[in-house]
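Notes follow the structure.
What follows is calculated from the coordinates using simple rules that are stated; it is not laboratory data. Since the structure is predicted, the reported quantities are computational estimates derived from the model, not experimental observations. All Cβ positions, even for glycine, are placed from backbone atoms using ideal geometry, and neighbour counts span all protein chains on display.
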């Protein structure tokens, strides 16, 4: 779903661990209903799903995690949808910080590691993980996530990008989400409707002009986050950023500074030209306040 300051990258652990299983169920398919004007209404959640479909997809995937982890000899307690969605919301926030303060300290939260993104899997799974030996902890995470241990289900679902999935997470995603949704080039149909609205086209052109005045050449807010993401992934190559040394560590520090600067300019331009327009367009298209 189109959101401002979305966590655009697999950038450090999440509040939750992620999923397991293989195929594609119909749980995740969006339902379309007429809004008050009689127009077709797409779901406003991730991947254009309705609230109900999103909850069902989380429940299904989390159930598959437990089965997959059990088959591998590990215990895993499925995360309930309320806790899961709370973790998604927390990816771009930190306790006691306003949005502007978060951006100043963490940028988009891509190269940085906000305190809400420390390792965890819900209280029950964190206790299970903490009781394991160091070797078993490594095996636990690799069984759950594959080689990219930063690609958690919660981050990938929030970002609508499953390309980094591995292990039980990937198996569940392939069973629960459609091939179209798993495509890295997937475009959320609700977001597409919002961004194609003439009011949003005009607002984003003004945003782009504002960013050029600040020294950044981007046509769309997603472009700014995507560039930082690509540079971060190229630098870390899937490794834990905390383990970087030498020139790689220095490069990460530099990139973090650039991310904060870009994100601050982005946030200021977005608030000035896009936020109010986007809210109204979303209301008109979804038929919801």
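A few points about this structure:
- According to the Kirkwood relation over distinct C-alpha pairs, the hydrodynamic radius of the range 232-289 is 14.2 Å.
- Share of Cα-Cα pairs in the range 176-220 lying beyond 14 Å, as whole percent: 62
- √(5λ) per eigenvalue of the Cα gyration tensor, the range 33-182, largest first, Å: 27, 22, 13
- Sorting 210-216, 253-259, 172-178, 152-158 by their mean Cβ neighbour count within 10 Å, with the most densely packed peptide first, gives 152-158, 172-178, 253-259, 210-216.
- Both numbers refer to the Cα atoms of the range 183-289; Rg and Dmax are 16.7, 53 Å.
- Full extension of the chain between residue 75 and residue 139 gives 21.8 nm of extra length, using 0.36 nm per residue less the Cα-Cα distance.
- Gap separating the Cα centres of the range 152-228 and the range 244-289, nearest whole Å: 12
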